[in-house]
Amino acid sequence: MANLPQRQRVAAYAVVMRTAADGTARVLLSRLAPKVSTDELWTLPGGGIDHGEHPRDALVREVKEETGLDALVGDTAHVYSAHVPTLWREGTRLDYQALRLVFEAWVATDAPEPRVLEVNGSTMDAAWVPVAEVLDGTVPVTSLVTEAMADHEPFRLQRLAAYAVIRRGGDVLLTRISSRGHHAGSWTLPGGGVDHGESPTVALEREVLEECGLECEVGGLLGVHDVHFAGTAPSGRHEDFHGIHLLFAATVADGAEPHAAEVDGTTDAAAWVRVADIEAGRVDVLDVVHAALAQGA
């Protein structure tokens, strides 16, 4: 057989995952139009990279066209190669190779439902599809989806934070999480993330001042609390999250009254809260509060 014309196509695709309200993991897929596949097949959103175009820019463009969503794209990709030595394409037999760069990507948690924007393109539908239905074959998908899902792991994030346990008689100082934070409306201890190279006690002094408008004196370490879960982060990214919380005893000046000092932050209120109300379940608090009170602080 004579040497066939060679053609190589380079494309970028995205694995975009989120945890639905019912707790199920879902992945964003686009359904191929009949002009591409006569069978009902779903695939990852994405497509060809134009000459001179950065793959991540191409992916943002393709996701927008196919799903109507604005995506943030990670820095690294898995590379998949499919070689078809004899492929019929538009009446011509080709020696064809497809190189596919598959990135992790994510969209905002308040993003609208996906919808196809391109007209007469390769996509006819877009949807959040249960991952379980992809893996068990209920939803027919391309081989690229199967390969990419087998290799995909949620972004792993470990966060070190310091929190203050500040008591006044039968009260404890708490802050309420704003709509910008995870667990919006719940109460927690004042504190937050420790920056790289920052002393935990210095970080805690800074956080209490930002969240409560109060200067505090940090005492000894009471204990360590941690949480580990996988789900959708406030940014929209699907994460495997591990939070390590250092619990410090701390004090503020006698008669000090807290107020939410930061603007447009993750805290919208600060107050002295009765411990008895917390223990009776009358106040919605995070587990770290119960852990701190269990230390006997």
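Residue-wise test of (1) polar (S, T, N, Q); (2) outside the structural domain of SER30 (by TED's automatic domain parsing); (3) surrounded by fewer than 18 Cβ atoms within 10 Å (Cβ to Cβ); (4) within 30 Å of HIS182 (Cβ to Cβ).
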{"position": "ASP95", "(1), (2), (3), (4)": "no, no, yes, no"}
{"position": "ALA98", "(1), (2), (3), (4)": "no, no, yes, no"}
{"position": "ALA105", "(1), (2), (3), (4)": "no, no, no, yes"}
{"position": "PRO114", "(1), (2), (3), (4)": "no, no, no, yes"}
{"position": "VAL119", "(1), (2), (3), (4)": "no, no, yes, no"}
{"position": "ASP125", "(1), (2), (3), (4)": "no, no, yes, no"}
{"position": "PRO130", "(1), (2), (3), (4)": "no, no, yes, yes"}
{"position": "VAL141", "(1), (2), (3), (4)": "no, no, no, no"}
{"position": "ALA161", "(1), (2), (3), (4)": "no, yes, no, yes"}
- When region 199-216 is examined, which residues are found to be surrounded by 14 or more Cβ atoms within 10 Å (Cβ to Cβ) and either without any contact (Cβ under 8 Å) to a residue 40 or more places away in the chain or closer than 22 Å to PHE241 by Cα (or both)? PRO200, ALA203, LEU204, GLU205, ARG206, GLU207
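Test of understanding: among LEU94, LEU59, which residue is under 14 Å from ARG7 (Cα atoms), out of contact with any helix residue (DSSP H, G or I) (no Cβ under 6 Å at 6 or more places or on another chain) and not basic (Lys, Arg)?
Numbers: LEU59 fails: under 14 Å from ARG7 (Cα atoms).
Testing whether each residue is under 14 Å from ARG7 (Cα atoms), out of contact with any helix residue (DSSP H, G or I) (no Cβ under 6 Å at 6 or more places or on another chain) and not basic (Lys, Arg) leaves just LEU94.
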- Message: For HIS54, only one of the following conditions fails: (1) surrounded by 16 or more Cβ atoms within 10 Å (Cβ to Cβ); (2) closer than 15 Å to ALA14 by Cβ. What is its number?
- Response: (1)
- Output yes when any residue across region 230-243 is more than 26 Å from the chain's Cα centre (by Cα), over 30 Å from GLY46 (Cβ atoms) and in a strand (DSSP E or B), and no when none is. no
- Of all residues in region 2-33, count the ones that are assigned to a loop (DSSP other than H, G, I, E, B), closer than 30 Å to THR86 by Cβ and modelled with pLDDT under 90. 4
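Per-residue answers, yes or no, for (1) in contact with a strand residue (DSSP E or B) (Cβ under 8 Å, 6 or more places away or on another chain); (2) under 20 Å from ALA292 (Cβ atoms):
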| residue | (1), (2) |
| --- | --- |
| HIS183 | yes, yes |
| VAL194 | yes, yes |
| GLU198 | no, no |
| ARG206 | no, yes |
| VAL218 | yes, yes |
| PRO234 | no, no |
| ARG237 | yes, no |
| ALA249 | yes, yes |
- Task: Can you tell me which residue within region 229-261, out of those that are surrounded by fewer than 18 Cβ atoms within 10 Å (Cβ to Cβ) and charged (D, E, K, R), is nearest to PHE155 (Cα to Cα)?
- Result: ASP240
- Message: LEU174 - would you say it is outside any loop (DSSP other than H, G, I, E, B), touching a residue at least 40 places away in the same chain (Cβ under 8 Å) and either farther than 17 Å from ALA20 by Cβ or more than 24 Å from the chain's Cα centre (by Cα) (or both)?
- Response: yes
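State all residues of region 187-199 that are among the polar types (S, T, N, Q) and over 17 Å from TRP272 (Cβ atoms); if no residue qualifies, say none. Even if it seems obvious, please write down each step before you answer.
Restricting attention to region 187-199, the residues satisfying the condition of being among the polar types (S, T, N, Q) are 188, 199.
If the condition is that a residue be among the polar types (S, T, N, Q) and over 17 Å from TRP272 (Cβ atoms), then SER199 is the only one that fits.
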- Message: Let me spell it out: the conditions are (1) without any contact (Cβ under 8 Å) to a residue 24 or more places away in the chain; (2) closer than 27 Å to ARG156 by Cβ; (3) touching a helix residue (DSSP H, G or I) at 6+ places or on another chain (Cβ under 7 Å), and ASP70 meets all of them except one. Which number is the exception?
- Response: (1)
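The values are calculated or read from the model by the stated rules, or taken from the named source; none is laboratory data. Keep in mind it's a predicted model, so treat the numbers as computed, not measured. Glycine also receives a Cβ, built like all others from the backbone with ideal geometry; neighbour counts cover every protein chain displayed.
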